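Heads up, the thing below is written out as structure tokens.
The values are calculated or read from the model by the stated rules, or taken from the named source; none is laboratory data. It should be emphasised that the depicted structure is a prediction, and the values quoted were computed from it without experimental measurement. Here the Cβ positions follow ideal geometry from the backbone for every residue, glycine too, while neighbour counts run over all protein chains shown. For the accessible areas, the whole protein counts, side chains as well, though only heavy atoms, and no ligand, DNA or RNA atoms are used. Shrake-Rupley method; radii C 1.70, N 1.55, O 1.52, S 1.80 Å.
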Amino acid sequence: MTTPGIHRSNEPADVPDELREARATIDNIDAALVHLLAERFRCTKRVGVLKARLELPPSDPSREERQVARLRALAEDAGLDPVFAEKFLKFIVEEVIRHHEDIADSLANGDGTGRAGA
Ligand SMILES: C=C(O[C@@H]1C=C(C(=O)O)C=C[C@H]1O)C(=O)O
């Protein structure tokens, strides 16, 4: 039986309520993070296609510097470790740049959207 207002969980029955509730919140936040990351990558892939068509390089270090400064300040205001915030951004951007390199290679090889140079 489910309790109204309490998220269904796959925790074992002997887990205390307070811990179960905290874990339900963590699960909701993790789900939100997955959706946010999926949207961010969907957007960065569009940027990758645009940059490949405009023959711009996959990475933009000066843009990244501005993002790091902004995110570090946001993290400090939010009570999140700015070192962690920077590491997390860099981890994501590294993956984005890999996608951009793949997109540029595909367009250069005539596959993908076939709109390179259009
Ligand atoms: C998305 C871009 O490409 C790269 C990835 C970035 C990101 O994931 O935020 C930022 C700068 C670029 O190195 C961009 O140029 O805007």
Requested in this report: For the stretch 27-52, name all the residues that are within 12 Å of the ligand (Cβ to nearest atom), out of contact with any Ser or Thr (no Cβ under 7 Å at 6 or more places or on another chain) and hydrophobic (A, V, I, L, M, F, W, C).
Outcome: Leu37, Phe41, Cys43, Val47, Leu50, Ala52
Query - Subset tally (residues that are assigned to a loop (DSSP other than H, G, I, E, B) and either near the ligand (Cβ under 9 Å from one of its atoms) or closer than 28 Å to Asn109 by Cα (or both)) for the stretch 58-95 - result: 3
Query raised in the report: Residues in the stretch 11-25 that are open to solvent by less than 70 Å² (accessible area, probe 1.4 Å) and touching a residue at least 12 places away in the same chain (Cβ under 8 Å): how many?
Result: 3
Query raised in the report: What number of residues within the stretch 33-57 are under 21 Å from Asp105 (Cβ atoms) and either among the basic types (Lys, Arg) or at pLDDT below 95 (or both)?
Result: 5
**Report entry** Flag if Glu55 is in contact (Cβ under 8 Å) with a residue 12 or more places away in the chain, more than 10 Å from the ligand (Cβ to nearest atom) and either open to solvent by 70 Å² or more (accessible area, probe 1.4 Å) or under 18 Å from the mean Cα position of the chain (by Cα) (or both)
**Finding:** no
